[in-house]
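To start, the structure itself, in structure tokens.
The values are calculated or read from the model by the stated rules, or taken from the named source; none is laboratory data. Please read these numbers as outputs of a predicted model, since none were measured by experiment. Cβ sites come from the backbone with ideal geometry, for glycine too, and all protein chains shown count toward neighbours. Just the protein is used for accessible areas: all its heavy atoms, side chains included, with ligands, DNA and RNA removed. Shrake-Rupley method; radii C 1.70, N 1.55, O 1.52, S 1.80 Å.
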Amino acid sequence: MAQNVYDDPEFFAGYSTLGRSREGLSGAAEWPAIQALLPAMRGLRVIDLGCGFGWFCRWARERGAAHVLGLDVSEKMLERARASGADPGIRYERADLERLDLPAAAFDLAYSSLAFHYIEDAARLYAMLHRALKPGGDLVFSTEHPMYMAPTRPEWSIDAQGRKTWPVDRYLVEGPRSTDWFAKGVVKHHRTLGTTLNLLIRAGFTLRHVEEFCPTADQIAANPALAEELERPMFLLVAARRV
């Protein structure tokens, strides 16, 4: 079973303070880049894997999605999503993505924001999603970039030219990594970029777009703290299609 750290009171309290928790999609710096990868929503049957507070579910419905299924392992996240208002076109359910089994050809779009790095068996997940999408259906997701996940030391290093460098440790050693983020012992599963893309290809997907997220100059001007993201990619954005 996937770790359910989001139901930990300490973690949930900390996570709720993030901009993306308070402001929704507009509070996520990578959202404009992800939005550009999405198909038109009108008439689509959509699944949101790791739906959190339900921001994307509601966005998809507002743009004409026929039905949206939001799944999350956390009851606290689902409670917040349901509290945002009832919509007969949105259904929220608790589900463990490690064990999830969806009906074949049931969805036009599978979407996920920053959830897949919690999954140990990515090969199983991608194969299951390929079956669950209709031919021509899309998988669009973001995950922590493996270069961001690989560091095990929090401090910057300084090179001979006085420049900051990000301390990447054992990048090619894949597997679980434990970090302290709002709570101790948060487990994420490190895979190289090559492994992630090859698992998608082996599952039958055709890759449409792969992006190592970089904030724009305008975003950095509006929020100078984002300049740190130029040092190493924080997010990996992927759009794939079941042909």
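Counting only residues that are touching a helix residue (DSSP H, G or I) at 6+ places or on another chain (Cβ under 6 Å) and within 12 Å of Ala240 (Cα to Cα), segment 186-204 holds 4 of them.
Results for (1) within 20 Å of Ala239 (Cβ to Cβ); (2) not hydrophobic (A, V, I, L, M, F, W, C), shown as yes or no for each residue.
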residue	(1), (2)
Ala40	yes, no
Cys51	yes, no
Glu62	no, yes
Ser112	yes, yes
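Of everything in segment 120-134 that's among the small types (Gly, Ala, Ser) and open to solvent by less than 40 Å² (accessible area, probe 1.4 Å), which residue is nearest to Leu193 (Cα to Cα)? Quick ask: steps written out before the conclusion?
Within segment 120-134, the subset among the small types (Gly, Ala, Ser) is 122-123, 127, 132.
Narrowing further to those that are open to solvent by less than 40 Å² (accessible area, probe 1.4 Å): 122, 127, 132.
On the way: Ala122: 13, Ala127: 18, Ala132: 24 Å.
That would be Ala122.
Of all residue pairs spaced 6 or more apart or on separate chains, those with beta-carbon atoms under 9 Å, a first member in segment 16-43 that is in contact (Cβ under 8 Å) with a residue 24 or more places away in the chain and farther than 26 Å from Asp108 by Cα and a second member that is outside any loop (DSSP other than H, G, I, E, B) and open to solvent by less than 30 Å² (accessible area, probe 1.4 Å) are Ser21/Gly27.
Among what's in segment 205-232 and is farther than 27 Å from Met128 by Cβ and touching a helix residue (DSSP H, G or I) at 6+ places or on another chain (Cβ under 7 Å), pick the residue that is surrounded by the most Cβ atoms within 10 Å (Cβ to Cβ). Walk me through it before giving the result.
Keep residues of segment 205-232 that are farther than 27 Å from Met128 by Cβ, which gives 214-232.
Of the ones still in play, those that are also touching a helix residue (DSSP H, G or I) at 6+ places or on another chain (Cβ under 7 Å) are 214-215, 219-220, 226-227, 232.
On the way: Cys214: 16, Pro215: 21, Gln219: 16, Ile220: 17, Leu226: 16, Ala227: 13, Arg232: 17.
Residue satisfying both the conditions and the ranking: Pro215.
The helices (runs of 4 or more DSSP H) located wholly in segment 1-119 that include 3 or more residues which are open to solvent by less than 20 Å² (accessible area, probe 1.4 Å) occupy 55-62, 75-83.
Quick check on Ala150: is it of a type outside the set (D, E, K, R), modelled with pLDDT under 90 and open to solvent by less than 60 Å² (accessible area, probe 1.4 Å)? Answer is yes for this residue. So is Thr165 at pLDDT below 80 and open to solvent by 70 Å² or more (accessible area, probe 1.4 Å) or not? In short, no. Taken together, the residues in segment 171-186 that are open to solvent by 60 Å² or more (accessible area, probe 1.4 Å), modelled with pLDDT of 80 or more and either in contact with a Ser or Thr (Cβ under 8 Å, 6 or more places away or on another chain) or among the hydrophobic types (A, V, I, L, M, F, W, C) (or both) amount to 4.
Taking the stated definitions as given, is Gly137 touching a residue at least 12 places away in the same chain (Cβ under 8 Å), farther than 20 Å from Leu199 by Cβ and crowded, with 20+ Cβ neighbours inside 10 Å? Criteria not met by Gly137.
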